[in-house]
Amino acid sequence: MDDNYRNSSHLYQGARDMSREVKRQTSNQAMDDYSRYQDNTYGSYTTNDGYYNSGEHAHQDEDAQSDATEGHDDDDEIYEGEYQGIPHPDDIRVQHNDKSMKDAFKDQEDLIAEQMEDAEQFAYQYENIIQECGHGRFQWTLFFVLGLALMADGVELFVVGFVLPSAEKDMCLSRSNKGMLGLIVYVGMMLGAFVWGGLADKLGRKKCLMISLAINAAFSSISSFVQGYGLFLFCRLISGFGIGGSLPIVFAYFSEFLAREKRGEHLSWLCMFWMIGAIYASAMAWGIIPHYGWGFTMGTHYHFHSWRVFVIICVFPCIASIIALKFMPESPRFLLENGKHDEAWMILKKMHDTNMRAKGEPEKVFTVSHIKTPKQMDEFIEIQSSTGTWFQRWLVRIMTVVKQVWENILYCFSGQFRKNTIFLAVVWFTMSLSYYGLTVWFPDTIRYLQEESYASKLKVFHGEKVNNFEFNFTLENQIHKDGNFENDKFVKMKFKHVTFEDSEFDECYFEDVTSRGTYFKNCVITSTVFYNTDLKHKFIDCKFINSSFYNTKEGCHIDFDEDNDFLIYLVSFLGSLSVLPGNIISALLMDKIGRIRMIGGSMLVSAVCCFFLFFGNSESAMIGWQCLFSGTSIAAWNALDVITVELYPTNKRATAFGILNGICKLAAIFGNSIFASFVGITKVVPILLASTALVGGGLLSLRLPETRELVLM
């Protein structure tokens, strides 16, 4: 135990003096004083022995009390009291009721002061207990279980991006539909973060996390089977809504099992699972989607291609996390906040015993016999719990929870939390706008560079004449102007980005022909047969004379040799792998240099890396700068996760994290839309916007309070 836990009587008396001072002030002044006190002094506060003891002196007067009352008859005692001037019990009861009524009307300042003192004592009591439980096998088991949930969050962000090249062909998506599908997951995650974060503070961390993961697993699985674009979009929206709760709940959940000196480091290690999820998704996409045979077809309308198999595989981390969570306990800190003393004590004892057995000290006894739970501030009495119908009872419960969640959200923007919440919201927004915007801009820019290189190799043919020739090979990246094709055959071949302009086809034959980016413009087609081709809709202002189409291929068709952009998998894989050094460094230094320096330093270095993107004029250069940017920015993400759970009390922690993570996803939507619109137009706007946002957010983060020396409130 460090020096912060010494001189308890002096510090406790200081807290008493502060409490009396607050009672003489207004409610708002009391909250401001508490904010300053929280930021500057409560790192040195010590708990009162009355709230944390081994139980050696408990019930020491029980026998004496029993002897004193043995043999007395209650009726006789009351009767004798009437002659001895002892007040009647009914009078005592009336006086007690009068005192209760006075307490009910106690000044708001007194209540705030008592709440502050009670919260301080309870926070240090819980810190002492966690330190006695130690850090070992129990926390590491929970670490991997929650890591799977965080891994599922990382997978969800990459699934749609990997399947889009195939899904847009499989479902005939337009450019606008494709863009909506790319953004819908962020919309779902934004809503899920708000909802599940708030519910986790009222219903419990474990319960809400399991429900949110179950929703994600169910609708992700369903999305792999649906054929229509509308249903697929809806399933991905609800899937994102489910997984949106994982990030706020996971960090709030795990932090409440960690002692102060372990919290920053191990929460940073937990962040690595997001990277593992991205690598898992990249590797599975690379290994599964290009294999056309890994699917099946039922009739002409139901197709289950390999990209749908990939969607199913991506659900595995989520399912594994749900199964493992069934064997994990609820957060004891949450249970104590809700007055469930015995259940919390059993969990803490189990954590202590598990860690001690793993350390080879099974004989070590858990000395905590009593934990004082904090005062319950908001008690709701359900009037219709016994008399109303089941519908009325459920309606009352739902409305009560909604009201409590909404009050929690408002509370995060009021009092001593207002400034921190606003500052954190700006930092989260700027970080997310830059990171997710550049994450979309990088592969799109690389693809644009590829298209420029491809267009530079375009071959143009003028006035060619081809007679009695059979084309059974691929024609690619060509333009044929004023050509004449007579008695030619096009059999079992592909047209890839081929354009015929002002050309004539006379007595030609097309069979088993597929095309991509191919068009016939202002052509004359005479006595020509098209059999089993997809060319019927590729003619623009053409004239047909005695020509016929048979067994035409309708709809869209996937060309698995071309429609799977391997560069997407490679760039995502390398970008995810590049954050490993940053993850390790941030975990090792988080408790040494502090959260604020980590956020500010990481964002400013990332801004410098972003500025050097001006010099990236090739594919390899862009990939290299993306890896460097991802590796330097991950430290800021990790520190943001840690400081967010440390700045808020237990009954507001998941709510605040959900609000900030929802703002993060909103920024991701803006970033995706803004940055994608400048691809191929200019580099200046995306680079300057990202750099400016990072510098502004990094400087503002320096105004946040440092939390590495604070216990969880």
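Some notes on this structure:
- Flag: residue 207 does not match the condition of being in contact with an Asp or Glu (Cβ under 6 Å, 6 or more places away or on another chain) and on the phi < 0 side of the Ramachandran plot.
- Scanning the range 219-248 for residues that are out of contact with any strand residue (DSSP E or B) (no Cβ under 9 Å at 6 or more places or on another chain), over 30 Å from residue 268 (Cα atoms) and open to solvent by less than 10 Å² (accessible area, probe 1.4 Å) yields 223, 232, 235.
Rundown of residues vs (1) modelled with pLDDT under 85; (2) part of a loop (DSSP other than H, G, I, E, B); (3) out of contact with any Phe, Trp or Tyr (no Cβ under 8 Å at 6 or more places or on another chain); (4) within 15 Å of residue 423 (Cα to Cα), yes/no style:
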site: 632; (1), (2), (3), (4): no, no, yes, no
site: 658; (1), (2), (3), (4): no, no, no, no
site: 663; (1), (2), (3), (4): no, no, no, yes
site: 668; (1), (2), (3), (4): no, no, no, no
site: 672; (1), (2), (3), (4): yes, no, no, no
site: 678; (1), (2), (3), (4): yes, yes, no, no
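- Any hit, the range 136-145, residues being open to solvent by 10 Å² or more (accessible area, probe 1.4 Å), under 30 Å from residue 326 (Cα atoms) and among the polar types (S, T, N, Q): yes
- The single condition among (1) of a type in the set (Lys, Arg); (2) surrounded by 16 or more Cβ atoms within 10 Å (Cβ to Cβ); (3) at pLDDT 85 or above that residue 419 does not meet is (2).
- Restricting 659, 669, 634 to those that are closer than 23 Å to residue 588 by Cα, in contact (Cβ under 8 Å) with a residue 12 or more places away in the chain and buried (at least 18 other Cβ atoms within 10 Å of the Cβ) reduces the list to 634.
- Verdict on residue 213 being under 15 Å from the mean Cα position of the chain (by Cα) and surrounded by 20 or more Cβ atoms within 10 Å (Cβ to Cβ): yes
- Top-ranked residue of the range 244-276 - restricted to ones that are among the hydrophobic types (A, V, I, L, M, F, W, C) and outside any helix (DSSP H, G or I), ranked as farthest from the chain's Cα centre (by Cα): 259
- Boolean, residue 435 is assigned to a helix (DSSP H, G or I), of a type outside the set (Lys, Arg), open to solvent by 60 Å² or more (accessible area, probe 1.4 Å) and at pLDDT below 90: no
- Filtered by the rule that a residue be surrounded by 15 or more Cβ atoms within 10 Å (Cβ to Cβ) and among the small types (Gly, Ala, Ser), the range 540-550 gives a lone residue, 547.
- Some residue of the range 249-262 being at pLDDT 90 or above, of a type in the set (A, V, I, L, M), within 30 Å of residue 651 (Cβ to Cβ) and open to solvent by 30 Å² or more (accessible area, probe 1.4 Å): no
- Residue 461 vs. criteria in a helix (DSSP H, G or I), modelled with pLDDT of 80 or more and either open to solvent by 30 Å² or more (accessible area, probe 1.4 Å) or more than 15 Å from residue 686 (Cβ to Cβ) (or both): no
- Within the range 326-370, restricting attention to residues that are under 19 Å from residue 253 (Cβ atoms) and either of a type in the set (Asp, Glu) or at pLDDT below 80 (or both), the residue that is surrounded by the fewest Cβ atoms within 10 Å (Cβ to Cβ) is 343.
- Output for the range 194-208, where each listed residue is closer than 17 Å to residue 257 by Cα and either more than 15 Å from the chain's Cα centre (by Cα) or polar (S, T, N, Q) (or both): 201, 204, 206, 207
- Residue match in the range 474-483 (condition: out of contact with any helix residue (DSSP H, G or I) (no Cβ under 7 Å at 6 or more places or on another chain), acidic (Asp, Glu) and part of a strand (DSSP E or B)): yes
- Residue 648 meets the conditions (1) crowded, with 22+ Cβ neighbours inside 10 Å; (2) in a helix (DSSP H, G or I) in every case but one. The failed one is (2).
- Index of the failed condition, residue 408 passing every other in (1) surrounded by 15 or more Cβ atoms within 10 Å (Cβ to Cβ); (2) at pLDDT 80 or above; (3) farther than 30 Å from residue 615 by Cα: (2)
- Every residue from the range 473-487 that is of a type in the set (Phe, Trp, Tyr) and either open to solvent by less than 20 Å² (accessible area, probe 1.4 Å) or at pLDDT 90 or above (or both): 485
- Qualifying strands (runs of 3 or more DSSP E) (wholly inside the range 500-539; at least 1 residues being open to solvent by 10 Å² or more (accessible area, probe 1.4 Å) and in contact (Cβ under 8 Å) with a residue 40 or more places away in the chain): 509-516
The values are calculated or read from the model by the stated rules, or taken from the named source; none is laboratory data. On a predicted model such as this, the values are computed, not experimentally measured, just so you know. Please note: Cβ atoms are built from the backbone with ideal geometry, for glycine as well, and neighbour counts cover all protein chains shown. All accessible areas refer to the heavy atoms of the entire protein, side chains included, with ligands and DNA or RNA removed. Shrake-Rupley method; radii C 1.70, N 1.55, O 1.52, S 1.80 Å.
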